[in-house]
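No value in this document is a laboratory result; all are computed from the given coordinates. Note that the structure is a prediction, hence the values are computed from the model and not measured. Glycine also receives a Cβ, built like all others from the backbone with ideal geometry; neighbour counts cover every protein chain displayed.
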Ligand code: PGA
């Protein structure tokens, strides 16, 4: 049985106190959703510690949205995976399309970040996905394959067992456009096949999340697909009620 996961990527939203209120709202409503669904929130670095406090006593896990490629030292402005782990984070989102697009993250950088994440006992939520041009040129399969081969194929089996994948078509992120449930299933199944080519049956256990304008109104249809194991949620994760309602989509 694969894990069912609803993860919230808050991106650069909420002030610390707003983040705390949001987290408290999620804790307050959590009981309405089956405990077979795991919830994860990924606030900005500045309020992870405060959010952690607000989540105490609940089963809601938390993570960061990024980490440094180096372990420590003279890297002004960076946040090390060890620092994130020390706050109690379990997860780190890596390779989000916004990081790839706006901050020039390449597979080379992501390999180093992966190493840091695993060295500190964290689980990466590794994002893959094509942009609109690539989708229209029908290159989406090749794009996600390369993003997996160049990074995930470098993992050991032990590391691979602790990996979450998020498929996020760039054209669906924050645009209100979602992939259809069929499009999501098609590429999720393909991603699992690519993972199986390297890791065999272990790929059956990998949680593959869908991301891109996922909301209460479309979650159930998308999550009903066999190879969709949950969602990585941006905009709709900023309202506790919506975030929780997405969890009811299973
Ligand atoms: P969205 O973002 O739900 O606002 O489209 C998803 C993401 O980028 O993780």
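The distance linking region 195-250 with region 105-172 is 16 Å (Cα centroid to Cα centroid, whole angstrom). In this simple spin-label approximation, residue 162 and residue 78 carry label points 7 Å from Cα along the Cα→Cβ vector, and these lie 2.1 nm apart.
Students often check this: by mean Cβ neighbours within 10 Å, which of 19-29, 153-163 ranks highest, and how do the rest follow?
In decreasing order of mean packing, 19-29, 153-163 become 19-29, 153-163.
The slack in the chain from residue 182 to residue 102, taken as 0.36 nm per residue of separation less the alpha-carbon distance, amounts to 25.9 nm. Here the contact order of region 138-215, divided by its residue count and restricted to Cα pairs under 8 Å and six or more residues apart, works out to 45 percent. Once both labels are positioned 7 Å from their Cα atoms along Cα-to-Cβ, the gap between residue 132 and residue 224 label points is 2.9 nm. Across 97, 213, 34, mean-square fluctuation computed from a Gaussian network of the chain (C-alpha pairs under 10 Å connected) peaks at 34.
If R0 equals 35 Å, the separation of the Cβ atoms of residue 154 and residue 32 corresponds to a calculated FRET efficiency of about 0.30. The helix-based estimate of mean residue ellipticity at 222 nm for the chain, built from -39,500 (n - 2.57) per DSSP H run of four or more residues and divided by its residue count, is -11500 deg cm²/dmol to the nearest 500. Between 123, 76, 14, the residue with the greatest mean-square fluctuation in the GNM of the chain (Cα pairs under 10 Å linked by springs) is 76. Between residue 204 and residue 17, the FRET efficiency from the beta-carbon distance, with R0 = 45 Å, is close to 0.60. Taking all Cα pairs closer than 8 Å and separated by 6 or more residues, the relative contact order of region 192-250 comes to 34 percent. Here the relative contact order of region 1-100, from alpha carbon pairs under 8 Å that lie six or more residues apart, stands at 26 percent.
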